[in-house]
Amino acid sequence: MINKTIEELEGRYELELNKVANEIKKSKAKLVLLQFPDGLKPYATKIVDFLEKQTEKEKTEFLIWLGSCYGACDFPTGIERINPKIDLVVQFGHNEMIPNF
């Protein structure tokens, strides 16, 4: 279901969105590229909305990479030609968390 809340997403996936927001603030990133595997792409705009609220003062802009993402070694190609320059790339994984018993 695509209408999940951020809380529901973070309950199912360890997205570490607060950690991402803190890194954006720390690095003073103005343009951030977010890369998602296919399973998380339907939630990309919801994640961007959350991160925009968390980094409101920094006036950060976000790009969503719609190309492939098959793991940490699948870095987006051609981003060096994007102008203005991308300050930070964040790649999300999609494995579900193992339940705690």
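Please treat every number below as a calculation from the coordinates, not as lab data. Fair warning: this is a prediction, and the values are worked out from it, not measured in the lab. Ideal geometry is used to build each Cβ from the backbone, glycine not excepted, and the neighbour counts take in all protein chains shown.
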Inset, instruction - Enumerate the amide H contacts of residue 62 below 5 Å, restricted to partners 5 or more residues apart or on another chain; note that Pro and chain-start residues carry no placed amide H. - result: 32
Legend entry - Separation of alpha-carbon centers, segment 50-64 and segment 1-36, rounded to whole Å: 10 Å
Legend entry - Cross-link reach list, lysines versus residue 28, counting only Cα pairs under 17 Å and skipping chain neighbours closer than eight places: 19, 53, 57, 59, 85
Inset, instruction - Using a/c under 1.5 as the rounded threshold, could you call segment 1-93 rounded, prolate or oblate? The axes a ≥ b ≥ c are square roots of the C-alpha gyration tensor eigenvalues, and prolate needs a/b larger than b/c, oblate otherwise. - result: oblate
Legend entry - Spatial extent of segment 9-51: Rg and Dmax, with the Cα atoms as the point set, Å: 10.8, 29
Legend entry - Separation in nanometres of the label points that stand 7 Å from Cα toward Cβ, at residue 82 and residue 59: 1.9 nm
